[in-house]
Amino acid sequence: GAFIYAYDCNVPIVPFVITYRRPSWLRRLFRSKPPLTLHILEPVYPQASAPRREEADRLLRLCYERMSACCSREDSR
């Protein structure tokens, strides 16, 4: 749905990923919940010249790849 709307309105999709961070020893003493990090990725622009369904699929695939890459980088830390 969001990818079709982005194509119809010719607006970018801004993917984001929320990950957990390992709390420091001091923070673990006072808080039970781990801290979160919000990663806002580069916008993905639709191509108006492409067919609607194919472009929505491309946007979905590209956003998924970028979000997966961000999660992989975060896991390696």
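The values are calculated or read from the model by the stated rules, or taken from the named source; none is laboratory data. Predicted model only: the values in this text are computed from it and were never measured. Quick reminder, even Gly has a Cβ in these numbers, built from the backbone with ideal geometry, and neighbours come from all protein chains shown. Accessible surface is based on the protein model in full, side chains and every heavy atom, while ligands, DNA and RNA are left aside. Shrake-Rupley method; radii C 1.70, N 1.55, O 1.52, S 1.80 Å.
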(request) Whenever you get a sec, line up 30, 3 from highest to lowest accessible area (probe 1.4 Å, protein heavy atoms). (result) 30, 3
(request) With everything on Cα atoms, drop me the angle between helix 52-75 and the longest principal axis of the chain, reported from 0 to 90° to the nearest 10. (result) 20
(request) Work out the FRET efficiency for residue 48 and residue 22 from their Cβ-Cβ distance, taking R0 = 35 Å, and round it to the nearest 0.05. (result) 0.20
(request) Along Cα→Cβ, 7 Å out, is where each label goes; now give me the distance between the ones at residue 10 and residue 61 in nm to one decimal. (result) 2.5
(request) Could you order 11, 44 so the one with the most accessible surface comes first? Probe is 1.4 Å. (result) 11, 44
(request) Could you order 52, 22 so the one with the most accessible surface comes first? Probe is 1.4 Å. (result) 22, 52
